[in-house]
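Structure, as structure tokens:
None of the figures in this text is laboratory data; all of them are computed from the coordinates on show. These numbers come from a predicted model, not from an experiment. A quick note on method: Cβ atoms are made from the backbone with ideal geometry, for glycine too, and the neighbour counts reach across all protein chains shown.
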Amino acid sequence: MTANIPTTQNSRFKIGWTVLIIIAALSILGHLTLIFVLSHEATLFVGYTAFELYAFGVLWIPFRRFEKWAWIITWILPGGLAFPAFNNPEIAIYYFSAAALCTLGLLLTMPDFFKK
């Protein structure tokens, strides 16, 4: 099975990918920090850190190779970021903002994944 890998990435793709990778990296750092700061909820933040590490890995390798499954599965990222905001209004602005930026990043990269 061969992948249809474009040889160049346009600026729209680079901006979208950069937004996604920065959000994933910042989320990893934030949740990793919260493991130690809010130790009574450490298990929750370990789970979110693992989720973000997986997203970062998918974004770093298969996403940049324009593998369609990676683009589709990356939609879990904004969903996973928005979910905690529904239950806690104190953090809603941060998580909804991150989810919105991830959605923007995915929409910016979409044309490159579905070219004919």
For the stretch 51-98, which positions are loosely packed, with under 12 Cβ neighbours inside 10 Å and of a type in the set (Asp, Glu)? Glu90
I'm told Arg64 meets every condition in (1) charged (D, E, K, R); (2) closer than 18 Å to Ser27 by Cβ; (3) touching a residue at least 40 places away in the same chain (Cβ under 8 Å) except one. Can you identify the failing condition by its number? (2)
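Those residues that are assigned to a helix (DSSP H, G or I) and touching a helix residue (DSSP H, G or I) at 6+ places or on another chain (Cβ under 7 Å), I need them from the stretch 83-105; list them, please. Reasoning before the result, please.
Initially, the stretch 83-105 is screened for residues assigned to a helix (DSSP H, G or I), giving 83-87, 92-105.
Those that are assigned to a helix (DSSP H, G or I) and touching a helix residue (DSSP H, G or I) at 6+ places or on another chain (Cβ under 7 Å): Pro84, Ala85, Ala92, Tyr95, Phe96, Ala98, Ala99, Leu101, Cys102, Thr103, Leu104, Gly105.
Would you confirm whether any residue within the stretch 73-82 is outside any helix (DSSP H, G or I) and touching a residue at least 40 places away in the same chain (Cβ under 8 Å)?
Residues of the stretch 73-82 that are outside any helix (DSSP H, G or I), as a first pass: 74-75.
Those still in the list that are touching a residue at least 40 places away in the same chain (Cβ under 8 Å) too: 74.
Looking through the stretch 73-82, at least one residue is outside any helix (DSSP H, G or I) and touching a residue at least 40 places away in the same chain (Cβ under 8 Å).
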